[in-house]
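Enquirer: Just passing along the structure, written as structure tokens.
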């Protein structure tokens, strides 16, 4: 069911930003055929690099073709990226989208982020082939980042909403928009593809795919593939490694029905870049990194922390000191095994972070399994049944070398490890009924999620007496965990029901009205709370950490949408909706750039209030965030020029934010209900094909500008690390630029394609009260591809060359990964990747 545009209104196809299925209508994960439609699929479009038809590619390249309140980004955009790049980067040229990463491929989820019109990636609804992925942020307990859910080479397209998103989309994170990713189908003929990539800093990328072709008279077909990516850090030898397997089966059923099954296994082993602060960048420069693999230097820095830090009796002044023999290990009561100097790297003592500037290592290991079974069944000529069953299992280890907690081996440092786990199972089912000029769609979504997270410390060896632990594990080389800070377990049940009617009173007018109801209950909390401080070495709390149940419910969340093609090539549309995001789940101290959780509160030992009392207070007063989103837009679509402009407004209620003070090792996190906020903004874009014939007819130029203004509207006070209270009213949203400008050029001539894009991001508020900002920056990329055609037994041989960060800009990518400061500076920034070069060769068989 299309809710945008009339059946006889035709626009040129687009691969970059193309026609959607109506973001405000049905989220078409099943690609159902219309009643009476043919079982034969339309032949796949052929790119100019394969056919030599420059005109075909010129029509589709880098064009802002949209339908209603949705943007479609096609397969050809992925083809122009470096193979293995984070799936979310394919959306980076969409107006209003801000994607950034600390590494060029975007493998490290800790340093990668995406915003959609001011909404962070834990407040966006995301699906893959109809499977809800929910929260996209690092280390979450409610979903899976799409980059870990699918191999980027298998993505066919993504539909991105400009408004509040489809009313039937299954998601408990959607507040301000949706992203629906779809994978390619298996090919009808037996064959395969092999790809090998190389790049800067020892980057290697391998991809192998085999398609079965149609196996029998019923049309059964499948594909299986495998990919592995490896890259080193640009300022250290620690690597990122990721391997994945995808499999997809398509089974037609009768004339107009089918079943599809999708499965993905992902294993990511990633060393993180060290967290930065503005003080670190200004004092030490942009290339300060973790010690790995220099364990000796990390050992010396940990000794400085235990022996020199604040120890005036030793005459401490600077980055080193002598003595320290007999310094007691508080975990064992015996002397630490000191070896060599007590010393920080030069200059570290001049920062506010000192020994916290960087640690021995930091990283994560994630293993995920996700799969779904989709049924798209024609019950009658007017009635279809669409159902998805799915499951997802996630096992994650996140760690860093902690110089503040010694090992029982005697080493002055240990490995601190977090272990988030989740197992999600659910189904989404709906009926779609066509009658007259109406298409009625109704259905329900249910999901159960078992979540857990604990925090431990593990032994590191004495210098020279063993191999140090790796950030990605294993961690039990020198025995079981020596201490545990907390252990949380939750169970979350989500239920959503929707009904909507798409009415087409005229061929050029489509009107949608619907609503959804949602209820989510989370039960559980702390199962273990540390009570042993070892003279203040480990955190302790006043009473047990929070445990309890919270329910968020909304009986009526309406959605209204209309699309009117009042003249040929001209479209006017609007979209109005209300969304709710139930309470998130995070353990004590848990914070992200997008927000926090009621269970994240804690009260330190000696406080007047217990942690449970603090949680109970939040539980009584907190409300789930509910946002009203209003969008109105106009677009003009023709062959030489495509133009669109829209404006949006959001009324935001009860957004919880996290305020972080203290150090990375001992953070203090506040949970604040901001009560009311407002957002307004606009996006405008134009795509021009200046030449219709000759050698330049394959040139396409794209430009867009976006503006966003979000401020908190209530008098809410929040305390910084110095005990000073600040009023957040009038403060702008952290982490998102007010102004973005994007430009790209794409040129195709026969078998050759070249592309260039450049984005500008204005300065971004860093502190909650906006007294610190991150500077603006430009980021440019370039690439070229050439098809050699068939070479001997190899088919469609392709070579490509790409440059990321062409002008080697210094910029901040991720912000707030450890939470945002209330005021001033904090160690919660990630530097963006430097200039890197990549080459790729691929062939099919």
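Enquirer: In the set 512, 469, 463, which member is closer than 24 Å to residue 411 by Cβ and under 31 Å from the mean Cα position of the chain (by Cα)? Give the derivation first.
Expert: On the way: 512 fails: closer than 24 Å to residue 411 by Cβ; 463 fails: under 31 Å from the mean Cα position of the chain (by Cα).
After ruling out the rest, the residue left standing is 469.
Enquirer: Related question: Output the qualifying pairs, or none if there are none: Cβ atoms under 8 angstrom, residues six or more apart or on different chains, first residue in segment 385-404 and over 30 Å from residue 289 (Cα atoms), second residue part of a loop (DSSP other than H, G, I, E, B) and modelled with pLDDT under 95.
Expert: Between residues of segment 385-404 that are over 30 Å from residue 289 (Cα atoms) and residues that are part of a loop (DSSP other than H, G, I, E, B) and modelled with pLDDT under 95, the close pairs are 386/29; 386/30; 386/32; 388/29; 388/30.
Enquirer: Spot the failing condition for residue 527; the list is (1) within 29 Å of residue 423 (Cβ to Cβ); (2) crowded, with 18+ Cβ neighbours inside 10 Å, and only one is missed.
Expert: For residue 527, the failing item is (2).
Enquirer: Being free of Cβ contacts under 8 Å to residues at least 40 places away in the same chain, under 29 Å from the mean Cα position of the chain (by Cα) and within 26 Å of residue 634 (Cα to Cα) is the requirement here; does residue 678 meet it? Spell out how you get there, then give the answer.
Expert: Working: free of Cβ contacts under 8 Å to residues at least 40 places away in the same chain: yes; under 29 Å from the mean Cα position of the chain (by Cα): yes; within 26 Å of residue 634 (Cα to Cα): yes.
So residue 678 passes the test.
Enquirer: Residue 139 is checked against (1) modelled with pLDDT of 95 or more; (2) surrounded by fewer than 24 Cβ atoms within 10 Å (Cβ to Cβ) and fails just one. What number does that condition carry?
Expert: (1)
Enquirer: Can you tell me which residue is nearest to the chain's Cα centre (by Cα) among those in segment 796-811 that are surrounded by 15 or more Cβ atoms within 10 Å (Cβ to Cβ), touching a residue at least 40 places away in the same chain (Cβ under 8 Å) and not in a loop (DSSP other than H, G, I, E, B)?
Expert: 804
Enquirer: Let me ask something additional. Tell me whether segment 214-231 contains one or more residues that are outside any strand (DSSP E or B) and modelled with pLDDT under 95. If you could, list the steps in order and put the result at the bottom.
Expert: Of segment 214-231, the ones outside any strand (DSSP E or B) are 214-220.
Checking the rest, the ones that are also modelled with pLDDT under 95 come to none.
No, every residue in segment 214-231 fails to be outside any strand (DSSP E or B) and modelled with pLDDT under 95.
Enquirer: Out of 277, 237, which single residue is within 28 Å of the chain's Cα centre (by Cα), at pLDDT 95 or above and either within 29 Å of residue 767 (Cα to Cα) or surrounded by fewer than 19 Cβ atoms within 10 Å (Cβ to Cβ) (or both)?
Expert: Numbers: 237 fails: at pLDDT 95 or above.
After ruling out the rest, the residue left standing is 277.
Enquirer: So which of 414, 399 is buried (at least 24 other Cβ atoms within 10 Å of the Cβ), within 26 Å of the chain's Cα centre (by Cα) and closer than 22 Å to residue 533 by Cα?
Expert: Values: 414 fails: within 26 Å of the chain's Cα centre (by Cα).
One residue alone meets the criteria, 399.
Enquirer: Still on this structure, please answer the following. For segment 530-545, does any single residue satisfy the condition of being touching a helix residue (DSSP H, G or I) at 6+ places or on another chain (Cβ under 9 Å), part of a strand (DSSP E or B) and closer than 30 Å to residue 604 by Cα? Even if it seems obvious, please write down each step before you answer.
Expert: At the first step, the residues of segment 530-545 found to be touching a helix residue (DSSP H, G or I) at 6+ places or on another chain (Cβ under 9 Å) are 541-545.
Pick out the ones that are also part of a strand (DSSP E or B) and you get 541.
Next, from what is left, pick out any that are closer than 30 Å to residue 604 by Cα: 541.
The answer is yes, given that some residue of segment 530-545 is touching a helix residue (DSSP H, G or I) at 6+ places or on another chain (Cβ under 9 Å), part of a strand (DSSP E or B) and closer than 30 Å to residue 604 by Cα.
Enquirer: Let me confirm something: among 733, 740, which residue is closer than 30 Å to residue 652 by Cβ, buried (at least 16 other Cβ atoms within 10 Å of the Cβ) and modelled with pLDDT under 95?
Expert: Values: 740 fails: modelled with pLDDT under 95.
Answer to the selection: 733.
Enquirer: Oh, and also: Which of the following residues is buried (at least 19 other Cβ atoms within 10 Å of the Cβ), in contact (Cβ under 8 Å) with a residue 24 or more places away in the chain, part of a strand (DSSP E or B) and touching a strand residue (DSSP E or B) at 6+ places or on another chain (Cβ under 9 Å): 711, 748?
Expert: Details: 711 fails: buried (at least 19 other Cβ atoms within 10 Å of the Cβ).
Among 711, 748, only 748 is buried (at least 19 other Cβ atoms within 10 Å of the Cβ), in contact (Cβ under 8 Å) with a residue 24 or more places away in the chain, part of a strand (DSSP E or B) and touching a strand residue (DSSP E or B) at 6+ places or on another chain (Cβ under 9 Å).
Enquirer: Output the number of the condition that residue 289 fails; it satisfies all remaining conditions of (1) closer than 15 Å to residue 412 by Cβ; (2) in contact (Cβ under 8 Å) with a residue 12 or more places away in the chain.
Expert: Result: residue 289 passes all but (1).
Enquirer: Out of the residues in segment 625-664 that are touching a helix residue (DSSP H, G or I) at 6+ places or on another chain (Cβ under 8 Å) and surrounded by 15 or more Cβ atoms within 10 Å (Cβ to Cβ), which is modelled with the highest pLDDT? Spell out how you get there, then give the answer.
Expert: Here is the first cut: in segment 625-664, the ones touching a helix residue (DSSP H, G or I) at 6+ places or on another chain (Cβ under 8 Å) are 639, 656, 658, 663-664.
Applying the additional criterion that residues be surrounded by 15 or more Cβ atoms within 10 Å (Cβ to Cβ) yields 656, 658, 663-664.
On the way: 656: 83, 658: 68, 663: 53, 664: 53.
So, considering only residues that are touching a helix residue (DSSP H, G or I) at 6+ places or on another chain (Cβ under 8 Å) and surrounded by 15 or more Cβ atoms within 10 Å (Cβ to Cβ), the one modelled with the highest pLDDT is 656.
Enquirer: Related question: Consider residue 266 carefully, then state whether it is within 22 Å of the chain's Cα centre (by Cα), assigned to a strand (DSSP E or B), modelled with pLDDT of 95 or more and over 30 Å from residue 774 (Cβ atoms). Don't jump to the end; show me each part of the working.
Expert: Values: within 22 Å of the chain's Cα centre (by Cα): yes; assigned to a strand (DSSP E or B): yes; modelled with pLDDT of 95 or more: yes; over 30 Å from residue 774 (Cβ atoms): yes.
Judged against the criteria, residue 266 is a match.
Enquirer: I've got another one for you. Given the criteria surrounded by fewer than 19 Cβ atoms within 10 Å (Cβ to Cβ) and over 27 Å from the mean Cα position of the chain (by Cα), does residue 433 qualify? Spell out the reasoning first.
Expert: Working: surrounded by fewer than 19 Cβ atoms within 10 Å (Cβ to Cβ): yes; over 27 Å from the mean Cα position of the chain (by Cα): yes.
Judged against the criteria, residue 433 is a match.
Enquirer: Only one of 730, 723, 789 is assigned to a strand (DSSP E or B), on the phi > 0 side of the Ramachandran plot and without any contact (Cβ under 8 Å) to a residue 40 or more places away in the chain; which? Quick ask: steps written out before the conclusion?
Expert: On the way: 730 fails: assigned to a strand (DSSP E or B); 723 fails: assigned to a strand (DSSP E or B).
Just one listed residue meets the conditions, 789.
Enquirer: Taking the conditions exactly as written (assigned to a loop (DSSP other than H, G, I, E, B), more than 15 Å from residue 552 (Cβ to Cβ) and within 31 Å of the chain's Cα centre (by Cα)), does residue 602 satisfy them or not?
Expert: Spelling it out, residue 602 is indeed assigned to a loop (DSSP other than H, G, I, E, B), more than 15 Å from residue 552 (Cβ to Cβ) and within 31 Å of the chain's Cα centre (by Cα).
Enquirer: Spot the failing condition for residue 771; the list is (1) over 27 Å from residue 744 (Cβ atoms); (2) surrounded by 19 or more Cβ atoms within 10 Å (Cβ to Cβ); (3) at pLDDT 95 or above, and only one is missed.
Expert: Just one mismatch for residue 771, condition (2).
Enquirer: Can you confirm whether residue 692 is crowded, with 19+ Cβ neighbours inside 10 Å and touching a residue at least 40 places away in the same chain (Cβ under 8 Å)? Working first, answer last.
Expert: Details: crowded, with 19+ Cβ neighbours inside 10 Å: no; touching a residue at least 40 places away in the same chain (Cβ under 8 Å): yes.
So residue 692 does not fit the description; no.
Enquirer: Can you confirm whether residue 182 is assigned to a strand (DSSP E or B) and in contact with a helix residue (DSSP H, G or I) (Cβ under 8 Å, 6 or more places away or on another chain)?
Expert: no
Enquirer: Related question: Filter segment 374-393 down to residues that are surrounded by fewer than 22 Cβ atoms within 10 Å (Cβ to Cβ) and within 24 Å of the chain's Cα centre (by Cα) and give me whichever is farthest from residue 145 (Cα to Cα).
Expert: Taking the candidates together, the pick is 389.
The values are calculated or read from the model by the stated rules, or taken from the named source; none is laboratory data. As the structure is a computational prediction, the values presented were derived from the model and not from experiment. Positions of Cβ are backbone-derived with ideal geometry, glycine not excepted, and every protein chain shown enters the neighbour counts.
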